[in-house]
1. For chain A, what's the relative contact order in percent, using C-alpha pairs closer than 8 Å and at least 6 residues apart?
2. Measure nothing but the geometry: give the 0 to 90° angle between the long axis through the Cα atoms of B:679-688 and the longest principal axis through the Cα atoms of chain B, rounded to 10°.
3. In percent, how large is the relative contact order of region B:1-148, given Cα pairs closer than 8 Å and 6 or more residues apart?
4. Using helices alone, I'd like the mean residue ellipticity at 222 nm for chain B: each DSSP H run of four-plus residues gives -39500 (n - 2.57), total over residue count, nearest 500.
5. Just subtract the alpha-carbon distance of residue A:542 and residue A:672 from 0.36 nm times their residue separation and send over the number in nm, one decimal.
6. Starting from the Cα of residue A:372, step 7 Å toward the Cβ, then list every residue of region A:1-19 with an amide N under 17 Å from that point.
7. Using only atoms on other chains, find how many Cβ atoms lie within 10 Å of each Cβ of peptide A:429-436 and report the average.
8. Between residue B:53 and residue A:528, what is the label-to-label distance in nm when each label sits 7 Å out along the Cα-to-Cβ direction?
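Readers should treat all values here as calculations from the given coordinates under stated rules, not as data from a laboratory. Treat the numbers as computed from the prediction; the structure is a model and nothing was measured. Because the Cβ atoms are built from the backbone with ideal geometry, glycine has one as well, and the counts that use them run over all protein chains shown.
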């Protein structure tokens, strides 16, 4: 028997997927914030029972449990991390507090970034009184301009210890080029506070965790990692103990925001933040490969937010190299995903005569007006109810009854009357606006991040509200095909099982490859460059060996980030192997860079006369694991007609008005069937809304495709 | 003498006099090659037929979605432009990208710098009017135009822009544009800013409007001319190429939108965005009490020398219109580059209006300023003639902005928009421009990212933010020292928030990032600098708050700084500590901020910041706990806590001693009452005082209010 568990602990639900002998079984339970393990075991019990095997037996047989958790995210939001001290270069003690003078806007929506009159910096993770400077300075070439004094370090460490810090982060300027001072500070602390004594202080040296240029980003990378280590580690160790007590025999694996997984002993706390949406992108990539699509916009529309990710040309994922986590900019290769403040709970209102939707949300409590839990503001879900897309008696498979009268009243009071239109028109405008904004945000993300044309992409619609609005936001995104999946409500958990073991190693490495004024390819420093790559590969070998892989079974790739002379924009260029050899090798890499640059910015923008530089090396080590493969399904006597459950009156815009729209049961439809819109397909977890001008098609795997047949018909 | 002016409002007509011999509503120079002042002050161009047609079709939702889309396009362009450029100014956000109507009005911008939004459009109108049908020039798809002449509608010649027309089925439908502070211009001073320039001809390259590329490609002959005309042709060309890439991106995205939505829809929507901007601005104005609101500013230098000048500003607000009157201004300056233009003075006010007064209305565009009329007396310091040098125009125009913060706060306090009430963000400058070979062997000339870390003004309900950003931009980036080390020739030894360097108040102003640099090693380096407010502040305090302190240029020559540190001395490199402790060997030089190029040597130290914000409200109303926090964060010393805030600490616990604090504060209040004087007595005494005539050389013909015969009005009052 082959058996793996994937788990995704979210804010509302904990999802577990059990992959048994190639078949998926879902489990969903409430997230138990008082102890996240409880929710996990509840969901895992449901999934394993659906797989026909008791939980203990399943755990004993399991080859892996892959876990994606928000424990770090919650601790960060609530500022519940470890009390840390920071030692940095004297004169630069405000680097973290000031955050490049832009950190008051980092992580905020555009309108807030432009509102500098109300600018406020985020609450810091380290009290400014626990930031100390030591006299030292190393320049960008690694030369020691001011040496470090041991007594200065000792005095500052003692100051921090006296104030009760539980860990010390050390970030000195240019340590990524020359770490001698950071190492010495680490050694001094180690000498005076050795591990054998109680109260030993963990020390986090920035060059070890993030050997990259940019003292603010490097500081925040190390600080967040150190800040969350204790709380994350504690939770995962306890979970590991519990699953082992119930029979599990393998390491606990965690999903990482870098797009892979690793065992707990090879993971950093920072990499666990946002791991679920990152995993979702990889899961979409995996499914995409199985069904033959390589460019995917991944969308997940829930109650309060709308998450978007991209898969570009198969496995070439889109990374953010300096993402914002919470309100802080860090430097890790983060599988890019973006959150937009729009969801089923987004509140509609009229301001200055103009309709606005979101970004504030009614959440799940009180929730939309139709939830009948005290909410009086109209939301996107209320508009969906009024438009007839959601059946109030059949919401979430009939588990929750909605009050349509309250939806009508809320929309009437807050939108229809202020705008002087009917309630239906008001609901329609809410839908148009939220779909338009979401679609255009997707367009922006697609084009902004990777320079891609959204028309070359298909859209994957996840989340409870995803399939309801997918055709609408696809229009705004300029996409004509949307895929929906029967397991889309647990796609995050499913996606953890699509991850490979991954370790990534990065470091800043400055190297001129092409000299601008002499127009020569330079080879003088290649030996040093190749030695650095070899050293990184050795680290990869060590870590992958711990994960059970040797170099024969590990995929290693090296990307070099390159730019024209003194430029800040860098493009990653993949090496053929692990070395650059001779002038010919340099020329090949430079040619590849010029070509990539021209493709992205136009031929006229290329400027090799300025010289070509390498800035950064990234080595990724991938240990492949077995994954779910969708299989073709038979029809076993079902027909389109047999899946018809009746009709609902639904409003499809002023051009169509109210139409008696056929309603099908999604899971009863045959494969390879096509139905023209307008049509509604009800399911336990969502409604698939297919407007006029679109059709619904089920492929051989049973996946549903909403496809445009005529532009702008709705 | 007095002349009739177009009626604006009853208040305006009653209380304002305009005079013959001055211009008020346009630049104070005539048409010249490549520059037409009539186009500059034109306002929005009339609706076109296609725009009108499109507007009829559009619903408000369509407009909102189009606004979102166009904003996304220019913001993407901004990010790309900042990433591809290598000029420090552009990398850190002193730039702008925009989409303009075919007739040249700015619709949406990715910023960057707000005042660029309202500039750099007259050039497009000039091309449309004079070049498009000229067979020797013409206008075609793929053309690339360049402009940097302040007289054609720009800021100063360091700010360089390019524009690309966008055609659809052979018709001009829009313009893509981008540019920013590139720096070096081939002026008499390396790095562009020439503080000793006396005419525009000392300031290097001036191009009013020139086609530099065709078929989306830059012309090699013109590139050679341009890169040969400046000291760092390498940077110049790299940045020009980044602009081409950026404009192409805007163009391609925009064309796709036309393809998707149709030309009527998009062009009509662009016009509607401008119309909506105007409508929003009028709505905001109607919500504010009518009245006349004033502020006056005194400036203390003229570039490289000290000298007093005066700039008053009066707002006349009635109904949904606002008039900005700048009158009684000191004359223009022929001894230095210390002159603004009408269009720049107007555009500078956008920084305040867009960020605060019209807070919440996005996108910021020309429509927002339609209900605002500008009367800037010229020729004067604020609206000068053509032949003068204008390099520091960006400093001069800020006088209007600082005044506007003050007058605007008075307007908004009793309105529903009190959240926008605050003391001005710092506009003090002592900005060094370093020039030399950096440690990686590249020639480098520019200022550093610390220019983007000025202190914010205190707000009516909270402190001003420290190191808030660049004065002209809503959200900018000060970068990181490790990148700066890689690009610049000098070496920063400190970059920190300084002590006792902000405006005190119930809510305090924000402190800037102070950068302390040393020259060391074998790398040659020279430095010029520019700025003002060396003795008199223009970072006003509001409603009783202290002003942000002045900050002159501070250099210490031939120090033993590195030797002392290497010998184990734990030096505090804050400005306050350096000046009060004087612990370094060497010559301490406090001087006018603007200075021409000087060579610097090993051990020389430069201390610079872009100033601190003013405070809000009475210092004695500040919560003692906030004073204690400032003390803990070393933003103030114990001396300031006691003497300014009247907060005493328990010597043992170092916590607030409440009883002693109350006693201290009572004593301060008593002293204040003893020093108080009736207004008439104060004014009578004040008018008897006069500064040294030497520093009044550029002040104007009469004191205290520069005025022409027949202009007489009381210094503190208005015409009845």
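1. 11 percent
2. Tilt of helix B:679-688: around 80 degrees.
3. Across region B:1-148, relative contact order equals 16 percent.
4. My calculation for chain B gives -9000 deg cm²/dmol from helical runs alone.
5. Going from the current span to full extension adds 42.0 nm.
6. Hits in region A:1-19 for residue A:372 at 17 Å: none.
7. Mean partner shielding for this stretch: 3.
8. 6.5 nm
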